[in-house]
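Q: Below: one structure in structure tokens.
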Amino acid sequence: MFYVVSIVAELILIAAFVLLFMQNRRLRRQRNELLQEKEATYGFIHDVAEVFAGATTVDLDNLLRRVLYYAVRTTRAASGAVYLFEPDKQALRARAISGIFPPLLGGVDTGLERAMSKSQHVENLVKTRLIQRGEGLVGEVADFGSAILLPDAETDPRVPRYELDFLQIRSLLLVPMRFHQEVLGVLAVVNRVDGQPFAPADLGLLQALADQASISIYYAGLRETLEEKMRIDRDLDAARRIQTSLLPKTLPRVEGVELAAFNYPALEIGGDYYDFIEVDDTHLGIAMADVSGKGTGGAIMMSVCRSVIRAHAPRHLSPAQVLKLVNQVLAHDVSEDMFVSVLYMVLNTSTRELVVARAGHERPIVSHEQQDLTILDSPGVAIGIADTETFERVLEEIRIPLKPGDVVVAYTDGVTEAMNIREEEWGLDQLLDAIRVASREGANSVLNNVRQRLERFVGNRPQYDDMTLLALHVMK
Amino acid sequence: MRECSIELEEKGELSILRLDGSLDAYSFPRLESTLGQLQEGGKHRVILDCAALEYVSSAALGALIGFARRAREKGGDLKLAGLSPKIYNIVELLGFNKILEVCDSVEDADKRFGSGG
């Protein structure tokens, strides 16, 4: 009996010890968690202070990297990214990345297995893919301005799945970066390093960090925009000076021929120009070109194009021949995404015969008395885009004997593609109509009529392409 | 103008990109990055389905030629399919129909790829 009591007492004692031990362990774990939490909070407060220190002097990219560093550290994330809205406020771009951040939008990703450096390739994918407002998880957070926490991201259909282990998204947390009512971007972190899912506490910390950082990001962004704008202004200014210096200051005087021309440079400087060149005593060269590139690059291209035409025009009576020479010179200099559409015509000032060659330019229009307009169509490819063989094979010139009263109009696509406030195009039919009505009165009348109708049509809407038009009238 | 949406369909060796909306200086970079990724991934047979394309700037067309050229160097091509008369007019005006292959429809382009082009 005593034994039994003793054994029972011993068992109770052991059970009590076990219980005590377990409780102790639980308490210790709780204490550790609390300590960790406290540590995280202290760390966080310290981090935010760090982010702010010197925020007025650092540039935006530097600031974003710093914000991301603390975001990843605070949430113990394996990787993270900061997306900011582009100046158009419609698309988001990943401006800073930490760790191997998997693309949050699936899609074209076929180069991965071939890529030399996978992490570099993934980073490029994330950085080059623009995300539209409302598109995917990032776009959704940016659009609604509220956070998304996916502790178990693997079950969420919006999360892309990747075969490669280091791209798998197990847990995901995205918070908006807001300043006043405006969403500036999205801060995203993926997978916790300890394998745990992100918790609401992580969301709280990350949102607080994002809220604090947004103020600095907003001002750094403003500064960046301002600097960029100043740089563009300087660029445009240089381009505009080049462009205006290249246009003829006066129109040449040719007996029995009335000439008129206008050029309206656009907001973003296109590369239109026109030129008159004395080919010989009885021939006048008339050139019109439109460079596809804008800004300084376009203006330089235009200036080169003008010089090359001027160099080859004298003594060459065949406009196609001149354009072939121009193409030979320019084909090597034009960057791949740039090309020049050129119209080059040679007028015999005694016989009034016009020879026209068109390298991808708008087709010129001829108004004859007593009959409807004709559009001069001759085959030709824009300069700088085709190989020499193709360019020369395709290009053909046409000859038009002009009669007294005829008016020839050349223009660039800025005229027909001029837009009004409702985003409607002016169109070729409107141009034809304006020419038809005014051509009896000559070149200046056509020019003024087109100008007035165009101005009425576009109103105050800023135009994005140069508008250039030139008219030639054989007087009676 | 409507922003251009791009939808990719992969059909064996072929990559068909359906363009919907307007392709200008602002929307072209997206198509450029998609084409760049295809090229990087060794996909050199590309059809641009332009049936739902409302506008294309001449600069964007010019940039497509670079992609077509690189695709041809790798034994592939970039063909345009289903152009509206308005867009075909721009292509023709610039003389780009002499450089890019323009097909009536995606099926037509598909067939032309099939016959070794």
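Q: Please state which one of A:Pro404, A:Pro462, A:Pro379 is free of Cβ contacts under 8 Å to residues at least 60 places away in the same chain and farther than 18 Å from A:Ala261 by Cα.
A: Going through A:Pro404, A:Pro462, A:Pro379 in turn, just one is free of Cβ contacts under 8 Å to residues at least 60 places away in the same chain and farther than 18 Å from A:Ala261 by Cα: A:Pro379.
Q: Given the residues A:Asp235, A:Asp202, A:Asp165, A:Asp194, which is the only one that is among the charged types (D, E, K, R) and touching a strand residue (DSSP E or B) at 6+ places or on another chain (Cβ under 7 Å)?
A: A:Asp202
Q: Quick one: count up the residues across the stretch B:50-76 that are part of a strand (DSSP E or B), surrounded by fewer than 22 Cβ atoms within 10 Å (Cβ to Cβ) and either away from chain A (no Cβ under 12 Å) or basic (Lys, Arg) (or both).
A: 3
Q: Within the stretch A:400-418, how many residues are away from every other protein chain (no Cβ under 12 Å), assigned to a loop (DSSP other than H, G, I, E, B) and within 37 Å of the chain's Cα centre (by Cα)?
A: Number of matching residues: 1.
Q: Right, next: Go through A:Arg306, A:Arg363 for me and flag whichever is part of a loop (DSSP other than H, G, I, E, B) and either more than 14 Å from every other protein chain (Cβ to nearest Cβ) or in contact with a strand residue (DSSP E or B) (Cβ under 6 Å, 6 or more places away or on another chain) (or both).
A: A:Arg363
Q: Please find, within the stretch A:319-344, the residue that is surrounded by the fewest Cβ atoms within 10 Å (Cβ to Cβ) out of those that are away from chain B (no Cβ under 11 Å) and assigned to a loop (DSSP other than H, G, I, E, B).
A: A:His332
To keep it simple, each residue is scored yes or no on (1) among the polar types (S, T, N, Q); (2) modelled with pLDDT of 90 or more; (3) touching a Phe, Trp or Tyr at 6+ places or on another chain (Cβ under 8 Å); (4) in the same structural domain as A:Val67 (by TED's automatic domain parsing).
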position: A:Gly80; (1), (2), (3), (4): no, yes, yes, yes
position: A:Tyr83; (1), (2), (3), (4): no, yes, no, yes
position: A:Gln90; (1), (2), (3), (4): yes, no, no, yes
position: A:Arg95; (1), (2), (3), (4): no, yes, yes, yes
position: A:Ser98; (1), (2), (3), (4): yes, yes, yes, yes
position: A:Leu104; (1), (2), (3), (4): no, no, no, yes
position: A:Val108; (1), (2), (3), (4): no, no, no, yes
position: A:Met116; (1), (2), (3), (4): no, no, no, yes
position: A:Leu125; (1), (2), (3), (4): no, no, no, yes
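Q: Then there's this: Considering only the stretch A:454-470, state which residues are surrounded by 11 or more Cβ atoms within 10 Å (Cβ to Cβ), in a loop (DSSP other than H, G, I, E, B) and not basic (Lys, Arg).
A: Within the stretch A:454-470, A:Gln463, A:Tyr464, A:Asp465, A:Asp466 qualify.
Q: Can you tell me how many residues in the stretch A:221-279 are among the aromatic types (Phe, Trp, Tyr) and farther than 30 Å from A:Pro87 by Cβ?
A: Final tally of qualifying residues: 3.
Q: For A:Glu227, indicate whether it is in a helix (DSSP H, G or I), within 26 Å of A:Glu123 (Cβ to Cβ) and without any contact (Cβ under 8 Å) to a residue 40 or more places away in the chain.
A: Criteria met by A:Glu227.
Q: If the requirement is being at pLDDT 95 or above, buried (at least 24 other Cβ atoms within 10 Å of the Cβ), out of contact with any helix residue (DSSP H, G or I) (no Cβ under 6 Å at 6 or more places or on another chain) and more than 9 Å from chain B (Cβ to nearest Cβ), which of these qualifies: A:Leu376, A:Leu347?
A: The unique qualifying residue is A:Leu347.
Q: Applying the selection to the stretch B:77-117, what residues are buried (at least 19 other Cβ atoms within 10 Å of the Cβ), of a type in the set (Gly, Ala, Ser), in contact with a Lys or Arg (Cβ under 9 Å, 6 or more places away or on another chain) and more than 14 Å from every other protein chain (Cβ to nearest Cβ)?
A: B:Ala109
Here's the yes/no breakdown for (1) among the basic types (Lys, Arg); (2) touching a His at 6+ places or on another chain (Cβ under 9 Å); (3) surrounded by 16 or more Cβ atoms within 10 Å (Cβ to Cβ); (4) part of a helix (DSSP H, G or I):
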position: A:Leu236; (1), (2), (3), (4): no, no, yes, yes
position: A:Gln243; (1), (2), (3), (4): no, no, yes, yes
position: A:Leu259; (1), (2), (3), (4): no, yes, yes, no
position: A:Glu278; (1), (2), (3), (4): no, no, no, no
position: A:Ala287; (1), (2), (3), (4): no, no, yes, no
position: A:Asp290; (1), (2), (3), (4): no, yes, yes, no
position: A:Thr296; (1), (2), (3), (4): no, no, yes, yes
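Q: Failed condition for B:Arg18, given (1) surrounded by 19 or more Cβ atoms within 10 Å (Cβ to Cβ); (2) within 12 Å of chain A (Cβ to nearest Cβ), with all others met?
A: (2)
The values are calculated or read from the model by the stated rules, or taken from the named source; none is laboratory data. Here the structure is a predicted model, which means the values were calculated and not measured. We place every Cβ from the backbone using ideal geometry, glycine too, and count neighbours over all the protein chains shown.
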